[in-house]
1. For the stretch 147-167 and the stretch 52-117, write down the distance between their C-alpha centroids in whole Å.
2. Rule-of-thumb check for the stretch 22-165: C-alpha Rg over 2.2 N^0.38 Å?
3. Taking only DSSP H segments of four or more residues, each worth -39500 (n - 2.57), what value at 222 nm results for the chain once the sum is divided by all its residues, to the nearest 500 deg cm²/dmol?
4. List the extent of the Cα atoms of the chain along each of their three principal axes, largest first, rounded to whole Å.
5. For the stretch 133-149, just list the computed ³J(HN,Hα) in residue order, Karplus coefficients 6.51, -1.76 and 1.60, θ = phi - 60°, integers in Hz, with x standing in for Gly and Pro.
6. With +1 assigned to the C-beta of every Lys and Arg and -1 to the C-beta of every Asp and Glu, and no other charges, what is the dipole magnitude of the stretch 175-373 about the Cα centre in debye, to the nearest 20?
7. With every atom except the alpha carbons ignored, what do you get for Rg and Dmax of the stretch 17-95, in angstroms?
8. Where only protein heavy atoms count, and the probe is 1.4 Å, what is the accessible area per residue for the chain in Å²?
Amino acid sequence: MSTTIASEKKQEKATDFMPINGTDYLELYVSNSKQAAHFYKTAFGFKSLAYKGLETGSRELESYVVQQDKIRLVLTSPLKSGTDVGRHIDKHGDGVKVTALWVEDATYAYEEAMKRGAKSYMKPQVEEDDHGKVVRSGIHTYGEVVHIFVERKEYNGVFLPGYRKWESDYQPEPVGLKYVDHMVGNVEEGKMNYWVNFYEEVMGFTQILSFDDKDISTEYTALMSKVMSNGNGRIKFPINEPAPGKKKSQVDEYLEFYEGEGVQHIAVATDDIVKTVSDLKSRGVEFLTVPTTYYDVLTERVGKIDEDIESLSKLGILVDRDDEGYLLQIFTKTVQARPTMFFEIIQRKGATSFGKGNFKALFEAIEREQELRGTL
Ligand code: FE2
């Protein structure tokens, strides 16, 4: 079996009882929020947006919020021992805790999800300050990850009540990152379909693509993946599970070092991947590379493209084509102490898929890294 596109019938069946405007923010629990914020500003071109900590009356947790176009990252660390955030970091290392979804009505979203079997994380609560009010609610998903619904139509503050503007004279130039294109979860072997059902039943998502181990395998390792999308396509969550192979797959390595299920990568979109990746490289961001032979057969494989192949080859940018167009993509190395989360930079030129034609080259690149770590 190869890639399958969900039938139109299935698309029709799903009623969009859970309209989502987009990704509101991603919150990462990290061991040093101040330094992590500096890293995302310096290396990835985010700007200071908001802050919460001792100076704002937050005695347990400190959060720095950085923004680039529509992407907002909240970086949170504990200010004392014995917090749940500290326990999370001790178990998982740095990683994504919250995927916040921007909705029109956070109470309705919560109630719809709960009615369909979600596990509650946070009952709808109203948060207010001088700039208006926000309603937030939350449900659990795989691992310790949660989805928080954010309703902010009556709010005009800088981020959320409880935060103040983070004034900083240091605001590096952005690198052209625009929005979150998709966010991938790694789940335990045998659990992919469980979470596919969860997104279908509880969140009203539909499965738009599926890859089995014949699509995504190298000589040594394999994984399976299904891509879930919300009604308007603004939220896409591929879900991976490891498949049996001769050696340990990248998903197995993730599950071992994250000590459980979690977010594997965040894909962020750009309109000019050559410029974005050049900028990121010059700021010290490290990427996975493929052998130069990849580019020898590129035109043959994907046909004519606008970009200069020499530039793509120099930067290690990958290309894939589907029925609707093509896409360019590249993956960073993991961005924290443990070999767990990483970023994908993606530019879509019509293509709505995820780069199936690159899987083999890409996974071989990841395996070279795993080999160096002794975790293959
Ligand atoms: Fe991806």
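The values are calculated or read from the model by the stated rules, or taken from the named source; none is laboratory data. Here the structure is a predicted model, which is why all the values come from computation and not from measurement. Cβ coordinates were reconstructed from backbone atoms using ideal geometry, including for glycine residues, and neighbour counts include every protein chain displayed. Note: accessible area is taken over every heavy atom of the protein model, side chains too, but ligands, DNA and RNA are not part of it. Shrake-Rupley method; radii C 1.70, N 1.55, O 1.52, S 1.80 Å.
1. Using only Cα atoms, the two centres lie 12 Å from each other.
2. Numbers: Rg = 14.9 Å, N = 144, 2.2 N^0.38 = 14.5 Å.
The reported ratio for this selection is 1.03.
3. Numbers: 11 runs with 95 residues, N = 376.
Helices in the chain give a 222 nm mean residue ellipticity of -7000 deg cm²/dmol.
4. Extents along the principal axes, in whole Å: 59, 49, 39.
5. So the J values, rounded to whole Hz, are 10, 10, 10, 10, 8, x, 10, 7, 10, 4, x, 9, 6, 10, 9, 10, 8.
6. Details: 24 positive and 34 negative charges, 71 e Å.
Here the size comes out at about 340 debye.
7. 13.4, 41
8. Details: 16500 Å² over 376 residues.
Each residue of the chain exposes 44 Å² on average to a 1.4 Å probe.
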